[in-house]
Amino acid sequence: MKSMKLKSASAKEEYFGQAPNVFVGHYGYPKVNVGFLNVEQYTEQDEPLKWSREDKQIPEIVDFRTSLVNSNFQHDIKTFSDRLIQMGQEVAMAARPVDMELKLAKKPVYATTFNQDAQPHGPNVRLKRARITENVKVDTRVEKVVDDTDLKSAPALGSLFRKGFDEHFLTKLLSVGNLGVKTDRKLVPTRWSITAVDDTLGKQLIKELKDFPESDCRVHIGGYLGNQYVILFFDDLWSYELFEGYVPLLHRHGAEAWDADYENYNGRTEYAKNTVGGYYAARLSILERLKADKRQAAVLALRFVTEEYTTPLGVWVVREAVRKAMVAPPVRFGDRELMQRYVIELCKKRFGFDVTSTLARQSRLLKNLKVQTRLRKWL
């Protein structure tokens, strides 16, 4: 990994670079910092789905992200007349990183900046001047949705998602105010827009899968970068519960170290404050698999964060870890009790932790499944 000192030594105040993304902060809201994430020579610095496909590991990902300078300026969330904001909207729409000329207030001093849910990046430096030096290439399907100022953001996101645009790209569009009814458009802090996209797409998928028959009983197992998932599908109507725990804390404090959130068939009315963005990211990946299978299920997900996850990289890691679990061949069972016994033994063996009390006493989903089973017996 190239050292921070070497990067700082070669840094410039004025240079030609490439911007793959825009970062919108949340401090000072509604007047926030907006920054072009840029690097002199782009080499995968903003491609989390590709990193996952190629099984990139933490040191390489941190090196990618550290290279990105956040050349920022302050702006109100509802004003779009400024040329810098308009350039940010172009960058977000672009089919590839945009060539730019940038002048900063000072030379960047390289260090990694971490943000909850969003990916880390390199130094924050005030922007003095910026100019796009190419004709930005935009997919006509994106252009059509962005130009439709009567289309609400939720159907806009759903339309592009169904056309194959991934959630990482859609987050960029939403964050810089490219989507929605014209009078409602505004800048959305990046960390908020990530969860908004996951939640919006998830709700649309839930609506679709409620018309599907119930799944069989099965367990999906897998993960990425020290985030391991054990996910139980029960043969029932849609509901979802997520438990998250850091393995060393589970060993020290037992089941009390879990964070958990739950939704029944009718969904949530409040933000998942315990498991936050990871709740919606994991749910989206699970729903993608259910839609592909044309099934619905009651889903209980157990996330084990191991000591291998040494650096917080953003909620995309959750989404990709669950996707890896979803594509792995599941273990199928003839009944629910047998499946739960299997999971208890699996977790003891892999993580050294007994989930018996979690399943028996803490899970709201399992309690509700027992009640529903009794009601069904008399129908």
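Comparison of VAL327, VAL331, VAL343 shows that the only residue that is touching a residue at least 12 places away in the same chain (Cβ under 8 Å) and buried (at least 16 other Cβ atoms within 10 Å of the Cβ) is VAL343. Tell me yes or no: at least one residue of segment 295-318 is in contact with an Asp or Glu (Cβ under 7 Å, 6 or more places away or on another chain), among the charged types (D, E, K, R), surrounded by fewer than 22 Cβ atoms within 10 Å (Cβ to Cβ) and within 23 Å of CYS217 (Cβ to Cβ). Yes, that holds for at least one residue.
Scanning segment 250-286 for residues that are assigned to a helix (DSSP H, G or I) and of a type in the set (Phe, Trp, Tyr) yields a total of 2. Could you say whether any residue in segment 1-15 is at pLDDT 95 or above and under 18 Å from THR113 (Cβ atoms)? Within segment 1-15, not a single residue is at pLDDT 95 or above and under 18 Å from THR113 (Cβ atoms). Among residues that are of a type outside the set (Val, Ile, Thr), without any contact (Cβ under 8 Å) to a residue 24 or more places away in the chain and buried (at least 20 other Cβ atoms within 10 Å of the Cβ), ASP236 is not included. Scanning for something surrounded by 14 or more Cβ atoms within 10 Å (Cβ to Cβ), hydroxyl-bearing (Ser, Thr, Tyr) and modelled with pLDDT under 95, does segment 62-78 turn up at least one residue? Yes, segment 62-78 has at least one match. Residue under question is LEU151, and the condition is that it be more than 18 Å from LYS7 (Cβ to Cβ), surrounded by fewer than 19 Cβ atoms within 10 Å (Cβ to Cβ) and touching a Ser or Thr at 6+ places or on another chain (Cβ under 9 Å); does it hold? Criteria met by LEU151.
Filter segment 80-120 down to the residues that are more than 20 Å from THR43 (Cβ to Cβ) and basic (Lys, Arg) and list them by number. Within segment 80-120, ARG83, LYS103, LYS106, LYS107 qualify.
Looking at segment 360-372, is at least one residue surrounded by 14 or more Cβ atoms within 10 Å (Cβ to Cβ), over 29 Å from the mean Cα position of the chain (by Cα), in a helix (DSSP H, G or I) and of a type outside the set (Asp, Glu)?
Yes, the conditions are met somewhere in segment 360-372.
Among the conditions (1) surrounded by fewer than 22 Cβ atoms within 10 Å (Cβ to Cβ); (2) at pLDDT 95 or above; (3) under 19 Å from ASP199 (Cα atoms), ALA281 misses just one, which is (1).
A count restricted to segment 159-170 and to residues that are closer than 19 Å to ARG323 by Cα and buried (at least 16 other Cβ atoms within 10 Å of the Cβ) stands at 6. Working only within segment 166-185, note down all residues that are in contact (Cβ under 8 Å) with a residue 24 or more places away in the chain and touching a Leu at 6+ places or on another chain (Cβ under 9 Å). Once the filter is applied, which keeps residues that are in contact (Cβ under 8 Å) with a residue 24 or more places away in the chain and touching a Leu at 6+ places or on another chain (Cβ under 9 Å), segment 166-185 yields ASP166, GLU167, HIS168, LEU170, LEU173, SER175, VAL176, GLY177, LEU179, GLY180, VAL181, ARG185.
Among the residues making up segment 256-274, those that are surrounded by fewer than 17 Cβ atoms within 10 Å (Cβ to Cβ), under 22 Å from LEU209 (Cα atoms) and touching a residue at least 12 places away in the same chain (Cβ under 8 Å) are ASN264, TYR265, GLY267.
Applying the set (1) buried (at least 16 other Cβ atoms within 10 Å of the Cβ); (2) modelled with pLDDT of 95 or more to HIS253 leaves exactly one unmet item: (1). Out of all the residues in segment 205-221, is one or more at pLDDT 95 or above, crowded, with 23+ Cβ neighbours inside 10 Å and acidic (Asp, Glu)? No, segment 205-221 has no match at all.
The values are calculated or read from the model by the stated rules, or taken from the named source; none is laboratory data. Everything numeric here is computed off the predicted structure, so don't read it as measured data. Glycine gets a Cβ as well: all are built from the backbone with ideal geometry, and neighbour counts include every protein chain shown.
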